[in-house]
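So the structure is just underneath, and the comments pick up after that.
A short reminder: the numbers here are calculations on the coordinates, not readings from a lab. Worth saying up front: this structure is predicted, and the values here are computed from it rather than measured. Please note: Cβ atoms are built from the backbone with ideal geometry, for glycine as well, and neighbour counts cover all protein chains shown.
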Amino acid sequence: MTDRSLPLARAAAGLLLALSAIALSGCTASSASYAVLDRDAEPADTVPDGVIEQDSGDVADLSSARFVGEHSGSSVWLLRGVEPSTVCVLAYLDESEWGMGCGGERGPVEMSGPAGHFTTVPDDYPTPDGATRISDNVYALSP
């Protein structure tokens, strides 16, 4: 290396370091937030035994479940998915009529079945058209 190339190499290394820091901070800033999942667990957050018995645990982390409310006789929970950056909505009418849907945390995740039609949305996401609010992050949709 010549005396002139050393400052150029240092400047290039500094620029590369700064760009890497910006890129990495962009990854963390893009993750969606769900206030209901950030609160401490309470006894009501435990999903029904029928779900625990039938669910293999390979899609949703049942220990992350947070009860968000009821709609038309169905109890509804929001959960973290097993895969990174996923969320799930669980609707439970009874042991034979329940369902769960999971998807990416950055946008709405819909679930429809015998226990109802529901969607999840991240914090500060617009209310879905024609939806009934169950919690900040979960809405019931008309069939």
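General observations
- Calculated FRET value between Glu83 and Asp124, using beta carbons and R₀ = 25 Å, to 0.05: 0.60
- Ranked Arg133, Arg80, criterion: other C-beta atoms within 10 Å, fewest first: Arg133, Arg80
- Note that the range 75-85 has calculated 3J(HN,Hα) couplings of 8, 10, 10, 10, 9, 7, x, 5, 6, x, 6 Hz, one per residue in order, obtained from phi through the Karplus relation 6.51 cos²θ - 1.76 cosθ + 1.60 (θ = phi - 60°); glycine and proline are x.
- With a cut-off of 12 Å on the backbone N, the residues of the range 76-104 near the modelled label site 7 Å out from Glu53 along Cα-Cβ are 95-96.
- Kirkwood estimate for the range 67-135, i.e. one over the average of 1/r between Cα atoms, Å: 12.2 Å
- Cut-off under 5 Å, modelled amide H: who pairs with Val82 long-range: Ala60, Asp61
- Shown here: the range 50-100, whose C-alpha atoms stretch 31, 21, 14 Å along the first, second and third principal axes, sorted largest to smallest.
- Based on Cα contacts under 8 Å between residues 6+ apart, the range 54-143 shows a relative contact order of 20 percent.
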